[in-house]
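Quick notes on the structure that follows.
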Amino acid sequence: MPPYLAPPARITAWLSRLALIYACFLASPWTLVARPVKPNFIVIFCDDLGYGDIGPFGSTLNRTPHLDRMAQEGMRLTSFYSSCSVCSPSRASLMTGCYAQRLDMHVNDKNLCVLFPGDRKGLSPSEVTIAEVLRPHGYATACIGKWHLGDQPAFLPTRQGFDRYFGIPYSNDMKETKDGTRPPLPLMRNERVIEAPAEQSTLTKRYTDETIDFINQHQDRPFFIYLPHTFPHVPLFAGVDYLGKSGNGLYGDVIEELDASTGAILNTLRKLRLHHRTLVIFTSDNGAMFGRGRSNGVLRGHKGTTWEGGMREPFLAWWPGQIPPDTTSGALASTLDVLPTLTHLAGAKLPENRILDGHNLWPVLGRLPGGRSACDYFYYYQMDQLQALRDARWKLHLPMVAKRRNWGAPEPASPLMLFDLSSDTGETHDLADAYPAVVERLLQQAQQMRPELGDRGLVAQGRRASGWVESPELLRITTR
Ligand code: MG
C-alpha cells in the first residue's frame, strides 16, 4: 500500500481523536472566541474583605463554592492591590485610575482618612470615572452599593457618569447621632433618599436583585455595572437565608451571602448567553479588620495599615472564552489598572489632559503572548505619607520619625525594612542589611514620587483639586 494511503483503521483512530479534541474544546469554559467589540463589565467590590476570606485564596472557614467555580473558570491575581487601606481613597482610585493623593481624596475636609456624612469634600466632578469613559461609547451604567466619594448632590454617582444609582452613599457604620450631626443611614435611588435608616439585613439581596434586573434590562446593549457591596464592613448583617448558616459566625454568614450573590450574577450571565461577552471582576477595597473569623491569610497587618494585609486583595477575573480558566498570575497590579483595562477593551479613549497612574492589565488577564504588567513600582500611601513601595520582588518600608495612622492613634517611629515578597509575603524577615543596593535603588525611586504625590510636609505638585461645597446638607428622606 502506498505510504500516503493510511489503512482504514488508522483513519478511524485519527477521526476518533479529532472528535475527542473537538468535544473537549466545546466542553471547556475557555473556548477561545473572537473578542467582542464592546464587552460588558461588572466590577464587584467588597468592603473590607480579607485576602484569606474566600476559598480561592485559601479560606477553610467560609464556604464559597461560587467564587471557587469563578476561579476555576477564570484567573486569580495574587499580587493585586488597592491603592489605600481604607474606603474613600481606595474607591477614588478604582473609579479614576489615579492615586488618591493625586485627586486630593486621601483625606477628608477635616484631615481624617475617609469622608463622613455632610463632608464638604467629594471626588471632583471634573475627574473622569470609568462610567464617564464608557457611557459615550453606548454603555448603560449602574452603580449599585456603597459609593463613599461624596454625599453632596454634585458628587453622587448620577453626576459621575452613572445612569442609575441604588445604594448607601457612605459606610454603614455612619449612623444617626443624637446631636443630629449625622442623619439615619440613607438608602438612595438615584439622588433621592428612599429609606432611612436603611434595612441592612436585606441590602446584599437587594443589590443582587438590582444587578440582575439591570442585566436583564440591558442584555441587548453593552453595560457597565459597578457593584460596591456594603459588607463585610461592620456592623455585619446577613440575610435571613444565611443568618446562622455558616461555620464562621456572622462574619461567615455575610461572606457566604456575598458568594451566593456572585453566583446568582454569573448564573444570570450564563442563562442569558452573555458570559462570552462579559468580563466580571471580584475584589475588595482594602484588607480585613483585625478580629476573630476574619482572615488576611499569611499576610501581615490589616485594614488601615500599609502592611500587605491592609492593601493586597483577593482578585478574580472571569470571562469565558477570553481569560484562560484556572490560571494564576503574580503580576504586580492594582485598582489603578481597572479604568485603563476597561477603556482598552471597550475601544474607548483614556481621559485626556491629565496624568493617570494605572496601566492596561489586559496583556496579563488575556494571557497575550509576552504579556506582562506595565506596573514597575507600587506606592503604599497612608493619607499624606508615603510609607512603602514595592517592585516585582522587593518591598521597602521607608524610615519614619512618626508613622501616620488613620484613627488618631499615637504615631510611632518606624524603621527602614526590606522584604523579599517573592519568598516572604508575610513580611517577616528584614533583609535591608543584606541588600544595600536594592535599598538604595528603592529609596531613589521613592524620592522620585515624593514631589509628585507629596509626602508629609512636602507639597504634591501633581495634585489636582477635589470637589468642594461650602454649605453641605445632610441626606435625609425629606430633602429631595
Ligand atoms: Mg473598606
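Miscellaneous remarks
- Cβ-Cβ contacts under 8 Å between residues 6 or more apart (or on different chains), taken from a first residue in segment 191-217 that is in contact (Cβ under 8 Å) with a residue 60 or more places away in the chain to a second residue that is assigned to a loop (DSSP other than H, G, I, E, B) and of a type in the set (Gly, Ala, Ser), are listed as Tyr207/Gly145.
- Note on segment 423-466: residues that are at positive phi and either surrounded by fewer than 14 Cβ atoms within 10 Å (Cβ to Cβ) or at pLDDT below 95 (or both) total 1.
- The condition (being assigned by TED's automatic domain parsing to the domain that holds Val298, of a type in the set (S, T, N, Q) and farther than 19 Å from Thr306 by Cα) is satisfied by just one residue among Thr78, Thr64: Thr64.
- Residue check for Asp163: over 27 Å from Gly55 (Cβ atoms), more than 16 Å from the ligand (Cβ to nearest atom) and of a type in the set (Asp, Glu): yes
- Positions within segment 39-80 being under 21 Å from Gly145 (Cβ atoms), assigned to a loop (DSSP other than H, G, I, E, B) and among the hydrophobic types (A, V, I, L, M, F, W, C), in sequence order: Leu49, Ile54
- Some residue of segment 25-38 being modelled with pLDDT of 95 or more and assigned to a helix (DSSP H, G or I): no
- Restricting segment 93-124 to residues that are in a loop (DSSP other than H, G, I, E, B) and within 15 Å of the ligand (Cβ to nearest atom), the residue that is nearest to Glu473 (Cα to Cα) is Phe116.
- Those residues of segment 72-87 which are surrounded by 24 or more Cβ atoms within 10 Å (Cβ to Cβ) and either away from the ligand (no atom under 16 Å from the Cβ) or among the polar types (S, T, N, Q) (or both), in sequence order: Gly74, Leu77, Ser82, Ser83, Ser85
- All positions within segment 168-212 that are away from the ligand (no atom under 16 Å from the Cβ) and among the small types (Gly, Ala, Ser): Gly180, Ala196, Ala198, Ser201
- Within segment 394-409, the set of residues being closer than 20 Å to Leu332 by Cα and assigned to a loop (DSSP other than H, G, I, E, B) comprises just one member, Leu398.
- Flag for Ser90 being within 12 Å of the ligand (Cβ to nearest atom) and either over 20 Å from Asn406 (Cα atoms) or in contact with a strand residue (DSSP E or B) (Cβ under 7 Å, 6 or more places away or on another chain) (or both): no
- Subset tally (residues that are more than 21 Å from Asp104 (Cβ to Cβ), at pLDDT 95 or above and touching a helix residue (DSSP H, G or I) at 6+ places or on another chain (Cβ under 6 Å)) for segment 362-388: 2
- The residues of segment 140-157 that are surrounded by fewer than 24 Cβ atoms within 10 Å (Cβ to Cβ) and outside any strand (DSSP E or B), listed by number, are Gln152, Pro153, Ala154, Leu156.
- Contact map, segment 304-322: residues that are within 12 Å of His275 (Cα to Cα) paired with residues that are among the charged types (D, E, K, R), Cβ distance under 8 Å, separation 6+ or inter-chain. Pairs shown: Trp318/Glu73; Pro320/Glu73; Gln322/Arg35.
- Qualifying strands (runs of 3 or more DSSP E) (wholly inside segment 158-245; at least 1 residues being buried (at least 23 other Cβ atoms within 10 Å of the Cβ)): 164-167, 187-189, 223-228
- Hey, Asp259 in contact (Cβ under 8 Å) with a residue 40 or more places away in the chain, within 16 Å of the ligand (Cβ to nearest atom) and touching a helix residue (DSSP H, G or I) at 6+ places or on another chain (Cβ under 9 Å) or not: no
- One residue from Phe290, Phe315 being modelled with pLDDT under 95, within 16 Å of the ligand (Cβ to nearest atom) and more than 25 Å from Gly462 (Cβ to Cβ): Phe290
The values are calculated or read from the model by the stated rules, or taken from the named source; none is laboratory data. Predicted, not measured: the structure shown is a model, and the values here were computed from it. Don't worry about glycine lacking a Cβ; one is built from the backbone with ideal geometry, like all the others, and counts go over all protein chains shown.
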